[in-house]
Amino acid sequence: MSVHEQFAEDLALYALGGLLGDERVALEKHLAECSACRRELEELRGDMALMALSAAGPAPPRRARQRLMDAIVREPRAATVRTGRASWAPLPWLATAALALVAGWFWRQNDQLAQRVARLENESAGQQAQLQRAREVVETLTATDAMRVTLVAAKTPPQPQGKAIYVRDRSSLIFLASNLPALPRQKAYELWLIPTSGAPIPAGVFKPDAQGSATVINPHLPAGVEAKTFAITVEPEQGSLVPTMPIVMVGAGG
Amino acid sequence: MTLRVLGDTGAAEDVLQEVFLQLWRNPGAFDSSRGNLGAWLAVIARNRAIDGLRKRRPETDIADVAVSVEPDMAGDAERARAMEKVRGALGTMPAAQRSALEMAYFEGLTHIEIAAKTGEPLGTIKTRIRTGLLALRKTFVA
């Protein structure tokens, strides 16, 4: 019995098709001469058939049966039927069991897809949260009721100030201004991106609020322009394509 | 994703069709000494599906496979009862054992692959797979 014990675990792996190489060869050799182990292998396969029941799910697709019937019509049966050999009595159960097995596979696929959907939903929730944070930052920057405070050296009278934050590779520009003098009606400030070579590019028209604050977020800009300087001029309300002198504020990139 | 499901659905049908056709061409491959026809077919279909999944050639001739199974599942009622018992047995199994058994059975992973995946000793996995199968059988021993 000790020999069979030694092969007991290998038999289960063999039945499932997981035994490879030398171990497989050794077991097959033993099986050829050991009827007890052959019987145990049959029983283990029986256990595998039981396992198939665990996966039986909803009815398999109708077309699977139709396809099989069509194939059988095309397929002449080569061997003559030897009466008494095959027992066809359980044919309906055969079809049901096999189709149930296939249905089980679909069910499992379905289960795996459901898990994948859950994972994606999870990721999506994370991205939503990030988006929400980004939105909050932008809303704070652009809120009309935001308090904007510019800190300067003590005893310096308030100075008009502008800060441009520009990321060339993303063509992204955020501009924040404070203490801007009010403008006559029908006039507005216009921000200009002055590239290292070429003409100034319009980067947004804006009017300061009552406190002299203004923001420009991501104006439309050509891609990947290297900026040398940002400048502000006073233009008609609808903006200009070419700056009108004089430049009222200017700042060069560091 | 849809394409993937359809691909797999098609593959599962192909396996089934191939097994049925093999039996149709050569009904002598199965006789009652090989056991219950339904159980036999379930085992053959599972093995062929795993062969397909692992992209390897069928290893055993279907005529060589004999299956011995306790419950008679010819009727709907018997089968439903058996199904319930099997699911019950899997449900009460320790999670690690059930998972090892399912990986071996449904995914066709070898004990070596399962051990690599879970980081557990090879011997433990081997034992879990065998004990898992035996636990199913025990459910039907009165």
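Bear in mind that the values in this text are calculations on the coordinates, not laboratory data. Source: prediction; values computed, not measured. Neighbour counts are summed over all protein chains in view; Cβ atoms, including those assigned to glycine, are modelled from backbone coordinates with ideal geometry.
Taking the Cα of A:D145, stepping 7 Å toward and past its beta carbon, and measuring to each backbone N in region A:214-249: which are under 20 Å? Backbone N within reach: A:214-215.
Counting neighbouring beta carbons within 10 Å and listing from fewest to most, the residues B:W40, A:W192 come out as A:W192, B:W40.
Once fully extended, how much extra length lies between A:A153 and A:A252, figured as 0.36 nm per residue of separation less the alpha-carbon to alpha-carbon distance? Let's see the in-between values first.
Numbers: separation 99, 0.36 × 99 = 35.64 nm, distance 2.14 nm.
Contour length minus the Cα-Cα distance gives 33.5 nm.
The HN-Hα couplings worked out from phi for region A:124-141 by the Karplus form 6.51 cos²θ - 1.76 cosθ + 1.60 (θ = phi - 60°) are 4, 4, x, 5, 4, 5, 4, 4, 4, 5, 4, 5, 5, 4, 5, 5, 4, 5 Hz, whole numbers, x standing for Gly and Pro. If R0 is taken as 25 Å, the Cβ-Cβ distance between A:N122 and B:I112 corresponds to a FRET efficiency of 0.20. The rule of thumb for compact globular proteins, 2.2 N^0.38 Å, goes into the C-alpha radius of gyration of region A:2-55 1.13 times. In this structure, the amide hydrogen of A:G253, modeled 1.01 Å from its nitrogen in the peptide plane, lies closer than 5 angstrom to those of A:T229, A:F230, counting only residues at least 5 positions away or on a different chain.
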